[in-house]
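Structure first, then comments.
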Ligand code: PEP
Ligand code: MN
């Protein structure tokens, strides 16, 4: 390990927030030792490629689409599930690219998104109180005392599940599934019949005609047949992220090879905290979530610490203010960051500031609030002359009922039908496509 990366003990000395309370330290040490020897899921050179693409986002020349589950689960590592998530992201990306004529950088919240920060350490149900579920990386979702004990072996399962998922993703995106000539076949099952599915069909036919024309004149570039797709997750459990931090043999620099892009969450972005301390040493492109309590000076200080060389593409600010706060809260941040000449890609997370509990008890979000926050994000950036660089969303490729509203007009009463998230509510595939068309409209203006 390079002398520049602090060791785990040094990180723990910073009292990191949101860490598992492992009962047995020696078992943790054994797992960390094992993880230090496993092959990397991603390569440092791929992280550099993504950084170059995000630099284009920071310059206003590309749009970033980042999406996937709030929390992946080990059980969810199936071919169907991975394909469905990839499919909705490909559909959204093609809508954004075609309808807005902007290159789209595609990043999944996938192949590593297994650890969750929680607002409370405990959960109470029917008078019984147990440790909160912190994601499959840490403990089990079942509400029993045994299942809620943090188990370090789960970090090995995170590695294996991430590697299996990434393997499948790589096969899908290079092996023909992401070929643009498949643009119609992505529009299958329940989505095809929806109003937005019909809108997509019209667009897909136009794309197909254009492709046929290109082929007829002899143009058939590689880009028509495969896409670049990258993985990302919140870098939360320090044992895991530290064990996956390796020195790249090409550059002699440390990279966290657990994923291409890593972000620091709203609850762990303390300037002198362990998460900032670890990620400031790795060379990956990274993000930080910024909620409504962020001051302009906080944003500047984070940029100075995480990107002291002011390299474009290195740092993404993922703002998550909430629909009611973004129009007042975002401008001071952008103004100060821009005035200081700080290079950053601005991305909108319209999910995490808009969560509430429905009368039925389910955690949900209103589709209209999601759209309103994205509209506020665009309006603020447009009025300041800065670039609304992208979207960060929680979604699934399935027909779930977790967020209310949208063209299907899901209500509180529908939530019980198919609520499958183990953490936050996700847009279903119809809602995700609707969002993509609305955002394409905002980008065009
Ligand atoms: C998340 O992305 O699932 C999350 C917990 O976000 P935040 O850190 O912005 O609350
Ligand atoms: Mn979430």
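The values are calculated or read from the model by the stated rules, or taken from the named source; none is laboratory data. As the structure is a computational prediction, the values presented were derived from the model and not from experiment. Note that each Cβ is placed from the backbone with ideal geometry, even for glycine, and that neighbours are counted across all protein chains shown.
Some points to look at:
- Options 389, 376, 385, 407; residue that is more than 16 Å from ligand 1 (Cβ to nearest atom) and at pLDDT below 95: 407
- The set of residues in segment 277-293 that are more than 16 Å from ligand 2 (Cβ to nearest atom) and crowded, with 21+ Cβ neighbours inside 10 Å comprises 278, 279, 282, 284, 285, 286.
- Condition met for residue 85 (under 19 Å from residue 164 (Cα atoms) and within 16 Å of ligand 2 (Cβ to nearest atom)): yes
- Residues satisfying the stated conditions in segment 316-338, i.e. in contact with a strand residue (DSSP E or B) (Cβ under 6 Å, 6 or more places away or on another chain) and either free of Cβ contacts under 8 Å to residues at least 12 places away in the same chain or assigned to a strand (DSSP E or B) (or both): 316, 317, 318, 319
- Scanning segment 59-89 for residues that are surrounded by fewer than 23 Cβ atoms within 10 Å (Cβ to Cβ) and assigned to a helix (DSSP H, G or I) returns 79, 80, 81, 83, 84, 87.
- Flag for residue 341 being over 26 Å from residue 51 (Cα atoms), assigned to a loop (DSSP other than H, G, I, E, B) and out of contact with any strand residue (DSSP E or B) (no Cβ under 6 Å at 6 or more places or on another chain): no
- Test result for residue 292, modelled with pLDDT of 95 or more, in contact with a helix residue (DSSP H, G or I) (Cβ under 9 Å, 6 or more places away or on another chain) and within 12 Å of ligand 1 (Cβ to nearest atom): yes
- Residue check for residue 47: at negative phi, touching a strand residue (DSSP E or B) at 6+ places or on another chain (Cβ under 9 Å) and within 16 Å of ligand 2 (Cβ to nearest atom): no
- Those strands (runs of 3 or more DSSP E) of segment 102-142 in which at least 2 residues are within 16 Å of ligand 2 (Cβ to nearest atom) and surrounded by 18 or more Cβ atoms within 10 Å (Cβ to Cβ), considering only elements entirely within it, cover 104-109.
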